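Visitor: Supplied in structure tokens, the structure appears directly below.
Any read-out appearing in this document is the output of simple, stated calculations on the displayed coordinates, not a laboratory observation. Predicted model, so just to flag it, every value in this text is computed and none were measured. Note: ideal-geometry Cβ built from the backbone for every residue, glycine included; neighbour counts use all protein chains shown.
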Amino acid sequence: MNSILENPQQALSQYVSFPSVSADSSYAEGIVGARDFACARLRELGFDVNLVDTPINPIILATRGDPSWPKLVIYGHYDVQPPDPLDLWTSKPFEAEERNGRLYGRGAADNKGPQIVHMAALHRALKKNPNLRLHITYLIEGEEEIGSPSFRGFLEGHKESLAGDLLLVSDTGSPGPEQLAVTTGLRGLTALEVRVFGPKQDLHSGVHGGALLNPLQALMRICSRMHDEQGTVQVPGFYDAVLQPEDWERQELAKLPISENDYAEFLGIKDFFAPPGYSPLEAIRFCPTLEFNGIGGGYQGEGSKTVIPAEAFVKITCRLVPDQSEEDIAEKVRHFIQKSCPSSVRVEVDIKGGGNPYVVIPPNKPGSSGKESDLVKKAFPLVENCVESSFGSMPLYLREGGSIPIIRDLKEVAGLDALMLGLFTNEDNLHAPDESFHLGIFDKAIDTFTEFFEKLGN
């Protein structure tokens, strides 16, 4: 029986057509459709497919091959971001459309396109060699876009079946269509919500103004104390555990085909605000941060309403680097906020969780442990050769500024080191209107992974 994977672009278009938005329960039918589509493709590839129930969306757990063979785990997610705002899309978000060498649609790059790349490559490799000596476990979840709340519990219950030699992920980015990157590090994350309470209700700012501290003013005072004029975080102990990057990591970053001026133009800013001792391109990969993601209180509508608000809030996230801990940093930030709060108002700090940072040093680079599995030692130099064969250039080894907490979870629970070859670029508009996937990367990446699977299984 012919598989739709014979025509990868058609397969991706069909996958995109399922509106699998995990953040909105009204898209439940799309979640089921995308999940079933992925299951059907894996069955065509000869996998034994199981659905593991979670409190929200099931996790696809599929295996093929002899358990005595080298064990490869492949991760992806079948859920996508909401398509809003719909009026900013050029074409319908769940009807894939090809334009100017790109396939547009929600989930095309994040993460349905990379999944089809892996599946189409496996289809070709297995067609050539049905007895490919790799025991492969597919792990595709449906909650990544809402923070993977069920994932850690799933891992704890299935860690024996997930034990393997290597984790393969393509849910990371690359500089551009001609230059791919192997991601060697991901920043961790901890999130906090802060509320400052003043009077028992909003007050008339003329009748009561001058007699009490405005919660908004108190909150701004707290926030202003958290950084100095150079942007350095002032929370005591914030930087204590930071592991400095290896020299070769800075050298790899220097090869990045983008200048600071290019980056500033892309961001639409005039000047950077990087911490002392780091360039802007280093800061987004090697430095921890404390950012204010949202702040408010009082009247937000049109015109004026002269009130002193009863409360104010700020949402904070900290991006973490090795060897920082999400629990440690969250507690230090909470303590600093509580200590900085004026006595005339009351503060509550709610820690929302996150994940620890992750870093892997390739086995052929300084700083590696030397204790990697044989499959890891084989995979990293192999992917270099396969990428060079298809794309015409060696991949760069780069840390990434974003966070994928489940990568660290898989390392901590199942002992899996990750090979993360990025397939999307900044121009793909992840999480935004007109998300797309570059079809040149799509085709070349299928060639890359076909060769990779063939040689990894020899």
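Visitor: Ranking request for peptides 129-136, 5-12: highest mean number of other beta-carbon atoms within 10 Å first, then the rest in descending order.
Guide: Result, highest mean Cβ count within 10 Å first: 5-12, 129-136.
Visitor: In addition: So which DSSP H runs in the chain come out at 15 Å plus along the axis (Cα) with average Kyte-Doolittle of at least -1.0?
Guide: Membrane-span-like by this rule: 28-44, 113-128, 374-391, 439-456.
Visitor: How do the peptides 233-246, 100-113 rank, highest first, by the average count of neighbouring beta carbon atoms within 10 Å per residue?
Guide: Details: 233-246: 15.3, 100-113: 24.8.
Result, highest mean Cβ count within 10 Å first: 100-113, 233-246.
Visitor: Based on the mean of other Cβ atoms within 10 Å per residue, sort peptides 273-281, 294-302 so the most packed one is first.
Guide: Output ranking for 273-281, 294-302: 273-281, 294-302.
Visitor: At 1.002 mPa s and 20 °C, plugging the Kirkwood radius over alpha-carbon pairs of the stretch 239-373 into Stokes-Einstein gives what diffusion coefficient in µm²/s?
Guide: 115
Visitor: Let me ask something additional. For the stretch 187-209 and the stretch 310-386, what is the separation of their Cα centres, given in Å?
Guide: 27
Visitor: Under a point-charge model restricted to the Cβ atoms of Lys and Arg (+1) and Asp and Glu (-1), what is the dipole moment magnitude of the chain relative to its Cα centre, in debye to the nearest 20? Please report the intermediate quantities before stating the final value.
Guide: Numbers: 42 positive and 64 negative charges, 115 e Å.
Using only the charged Cβ atoms, the result is roughly 560 debye.
Visitor: Compute the Cα gyration tensor for the stretch 104-148, then decide on rounded, prolate or oblate, letting a ≥ b ≥ c be the square roots of its eigenvalues: rounded whenever a/c is under 1.5, prolate when a/b is larger than b/c in the other cases, and oblate in all that remain.
Guide: Here the stretch 104-148 falls in the oblate category.
Visitor: Follow-up question, since we're still on this one. What number results when the radius of gyration of the stretch 192-317, computed over Cα atoms, is divided by 2.2 N^0.38 Å? Could the numbers behind the result be given before it?
Guide: Working: Rg = 20.1 Å, N = 126, 2.2 N^0.38 = 13.8 Å.
Ratio of Rg to 2.2 N^0.38 Å for the stretch 192-317: 1.45.
Visitor: For Lys200, which lysines qualify as cross-link partners when the Cα separation must be under 21 Å and same-chain residues fewer than eight apart are set aside?
Guide: The qualifying lysines are Lys305.
Visitor: Follow-up question, since we're still on this one. Taking the convex hull of the alpha carbon atoms in the stretch 349-415, what volume per residue do you get, in Å³?
Guide: Spread over its residues, the Cα hull of the stretch 349-415 gives 133 Å³ apiece.
Visitor: In addition: P(r) tail for the stretch 335-380, what percent of Cα pairs lie past 14 Å?
Guide: Roughly 67 percent, rounded to a whole number.
Visitor: Between Asp66 and Ser393, what FRET efficiency follows from the Cβ-Cβ distance if R0 is 30 Å, with the result rounded to 0.05?
Guide: 0.25
Visitor: Using the Cα centre of the stretch 51-178 as the reference point, and only Cβ charges (+1 on K/R, -1 on D/E), how large is the resulting charge dipole? Debye, rounded to the nearest 20.
Guide: Computed charge dipole of the stretch 51-178: roughly 720 debye.
Visitor: Mean separation of Cα pairs under 8 Å and 6+ residues apart, divided by the residue count of the chain: what relative contact order is that in percent?
Guide: Numbers: 924 pairs, mean separation 118.9, N = 458.
For the chain, the relative contact order is 26 percent.
Visitor: Tell me, what is a quarter of the convex hull surface for the C-alpha atoms of the stretch 43-144, in nm² with one decimal?
Guide: For the stretch 43-144, the mean projected area of the Cα convex hull comes to 8.2 nm².
Visitor: Taking a cut-off of 12 Å between Cα atoms, list the aspartates and glutamates near Lys270, but don't count ones fewer than 8 places away on the same chain.
Guide: Glu260, Asp262
Visitor: Now a separate question. Report, largest value first, the span of the C-alpha coordinates of the stretch 98-215 along each principal axis, in whole Å.
Guide: Principal axes ranked by extent give 82, 45, 24 Å for the Cα atoms.
Visitor: Taking a ≥ b ≥ c as the square roots of the Cα gyration tensor eigenvalues, with a/c under 1.5 meaning rounded and otherwise prolate when a/b beats b/c, else oblate, which class fits the stretch 1-56?
Guide: oblate
Visitor: Among the lysines, select those whose C-alpha is under 28 Å from the C-alpha of Lys365, and discard any that sit fewer than 8 residues away in the same chain.
Guide: Lys71, Lys255, Lys377, Lys378, Lys411, Lys444, Lys455
Visitor: Under the classification rounded if a/c is under 1.5, otherwise prolate if a/b is larger than b/c and oblate if not, where does the stretch 300-435 fall, given a ≥ b ≥ c as square roots of the Cα gyration tensor eigenvalues?
Guide: Verdict is oblate for the stretch 300-435.
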